[in-house]
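Inspection log for the structure reproduced underneath, given as structure tokens.
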Amino acid sequence: MSHSLMLAFVVFAVVMFFTPGPNNIMLLSSGLTYGFRRTVPHIAGITVGFAFMIGAVGVGLGTVFIAYPVLQTILKYAGVAYLVYLAAAIAMAEPPNADRKETTPGRGPMTFWGAAMFQWINAKGWVMVIGTITAYAAIAAFPWNIAIQISLSLILGTLSCTAWALFGTALRPILTSPRAIKAFNVVMAILLLASLYPVFMDA
């Protein structure tokens, strides 16, 4: 095992997991709007879904995308369309009522399966997966390298997702008025749309 490469991989993973991106922005907004408890399935979906994605690509699914590059294009633009939809949903989400236990009828927090499936059309997620599988494949012999990458993904994914959701939850006592929450969600929606910039630059 290359210890210097392992250290570089850990640094890469920490930066990619903890810096703002579609997942973290949505968790921040969900923590504020719905609270931490209701955001837990979203956290679990991201963590498990992304780790599964690394495993699937690592053991050979990536060759399918090499053989059929049109699939990458389809996923990319499907992701763009879905992110635009999510940004609109976040911007229009109704603030919780006074007891902060329920929201008015409408879109609720993202489900486990919704968050897990979203990873396959998440542009930042694909950057992370490709970087993980290709640049850091030599951290150990196959299949131990994939096992290490999946394990680290589960650990850092849990930590980063929890931190962003808790950050949003911590804002609940501060942003108490429906107008403030609405304004915050609009800003989060704009940041979510801004995260599409690398996708269009790569087009």
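See the values below:
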quantity: Residue in the range 2-10 that is under 14 Å from Leu159 (Cα atoms) and in contact with a Ser or Thr (Cβ under 8 Å, 6 or more places away or on another chain) present; calculated: no
quantity: Any hit, the range 51-68, residues being assigned to a loop (DSSP other than H, G, I, E, B) and either at pLDDT 80 or above or touching a helix residue (DSSP H, G or I) at 6+ places or on another chain (Cβ under 9 Å) (or both); calculated: no
quantity: Filter result (assigned to a helix (DSSP H, G or I) and either at pLDDT below 80 or surrounded by 14 or more Cβ atoms within 10 Å (Cβ to Cβ) (or both)) within the range 89-113; calculated: Ala89, Ile90, Ala91, Phe112
quantity: Residue identified as surrounded by 21 or more Cβ atoms within 10 Å (Cβ to Cβ), over 21 Å from Gly168 (Cβ atoms) and either without any contact (Cβ under 8 Å) to a residue 12 or more places away in the chain or touching a Phe, Trp or Tyr at 6+ places or on another chain (Cβ under 9 Å) (or both) among Gly79, Gly49; calculated: Gly79
quantity: Val186 vs. criteria modelled with pLDDT of 80 or more and β-branched (Val, Ile, Thr); calculated: yes
quantity: Residue satisfying condition, being of a type in the set (Val, Ile, Thr), over 15 Å from the mean Cα position of the chain (by Cα) and modelled with pLDDT of 80 or more, within set Thr169, Thr176, Thr162; calculated: Thr169
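The values are calculated or read from the model by the stated rules, or taken from the named source; none is laboratory data. Everything numeric in this text was worked out from a predicted model, so none of it was measured. Cβ sites come from the backbone with ideal geometry, for glycine too, and all protein chains shown count toward neighbours.
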